[in-house]
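Engineer: Pasting in a structure now, in structure tokens, and then I'll have a few things to ask.
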Amino acid sequence: MARIGVLGGTFDPPHIGHLAAAEDVAWKLGLDRVLFVPNRRPPHKQDQRVSAVRHRVAMVQLAIAGNPRFQLSTIELDREGLSYTIDTLRALRQEVPAGTEIYFLVGCDAVGELHMWHEPDAILDEFGLVIMERPIESAVNWDAAAARFPRIREQTCVVDVAELEISSKEIRNRVEEGAPIRYYVQPAVERYIRLQGLYGAA
């Protein structure tokens, strides 16, 4: 029985925090693959400027190259409309062999925002969540979450991952300011950002 992890996001750009967390989860849960799923139109970022799909896809491909367990999925880019998690997971379930276990990977801050997602109860009931949590301290308010989702502790799995305080927004800001981003992203991703002039790069 195959086990697949699904990591979604804008990946604008993908950074080493994404990669390290995905690798930790894959190792600890024995996942066969981790799918990196760039969003087309994230519902929670409609008021934000997001780089063109072709750039984000290219950067993900460069970031995960060389890791046979990591794979790009364009499932959200291949359909029109907003990128709802439940629709993506259900579509993936139709694409993989019967019996495949699908794990949806999220950061620990997602638990506090879960009530704002589209059909959150269906996500928990049909797939559950893998919470990628930094090991130093818990950022999850489980009592508050349980008030809205009474079975959430049963429907989630918490996995400690590497503590790397890096965000895509921080990287974009650093590029715009002319600050170095070496060691924040894969070398090939940095070269792509520079060559394409993304985020105000010279």
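The values are calculated or read from the model by the stated rules, or taken from the named source; none is laboratory data. All figures in this text were calculated on a predicted structure; none of them were measured in a lab. As a convention, Cβ positions derive from the backbone with ideal geometry for all residues, glycine included, and neighbour counts pool all protein chains shown.
Engineer: For the structure I just gave you, tell me whether residue 6 is closer than 22 Å to residue 122 by Cβ and either modelled with pLDDT under 95 or surrounded by 14 or more Cβ atoms within 10 Å (Cβ to Cβ) (or both).
Structural biologist: Yes: the conditions hold for residue 6.
Engineer: Just to be sure before I move on: is residue 123 under 22 Å from residue 34 (Cβ atoms) and among the β-branched types (Val, Ile, Thr) in the structure I sent?
Structural biologist: Taking the combined requirement at face value, the residue satisfies it.
Engineer: Do we find a residue being touching a Ser or Thr at 6+ places or on another chain (Cβ under 7 Å) and either acidic (Asp, Glu) or modelled with pLDDT of 90 or more (or both) anywhere in the range 125-146?
Structural biologist: Looking through the range 125-146, at least one residue is touching a Ser or Thr at 6+ places or on another chain (Cβ under 7 Å) and either acidic (Asp, Glu) or modelled with pLDDT of 90 or more (or both).
Engineer: Which residues, counting only those in the range 107-122, are in contact with a Ser or Thr (Cβ under 8 Å, 6 or more places away or on another chain) and within 20 Å of residue 164 (Cα to Cα)?
Structural biologist: Of everything in the range 107-122, those that are in contact with a Ser or Thr (Cβ under 8 Å, 6 or more places away or on another chain) and within 20 Å of residue 164 (Cα to Cα) turn out to be 108, 111.
Engineer: Separate question: For residue 200, which of the numbered conditions (1) buried (at least 18 other Cβ atoms within 10 Å of the Cβ); (2) more than 27 Å from residue 120 (Cβ to Cβ); (3) at pLDDT below 95; (4) not basic (Lys, Arg) fails to hold?
Structural biologist: (1)
Engineer: Right, something else. May I ask you to list the residues in the range 65-81 that are within 29 Å of residue 164 (Cβ to Cβ), touching a residue at least 40 places away in the same chain (Cβ under 8 Å) and surrounded by fewer than 16 Cβ atoms within 10 Å (Cβ to Cβ)?
Structural biologist: 65, 67, 69
Engineer: Oh, and also: Please determine whether any residue of the range 152-160 is without any contact (Cβ under 8 Å) to a residue 60 or more places away in the chain, closer than 15 Å to residue 8 by Cβ and of a type in the set (Lys, Arg).
Structural biologist: Checked the range 152-160: no residue is without any contact (Cβ under 8 Å) to a residue 60 or more places away in the chain, closer than 15 Å to residue 8 by Cβ and of a type in the set (Lys, Arg).
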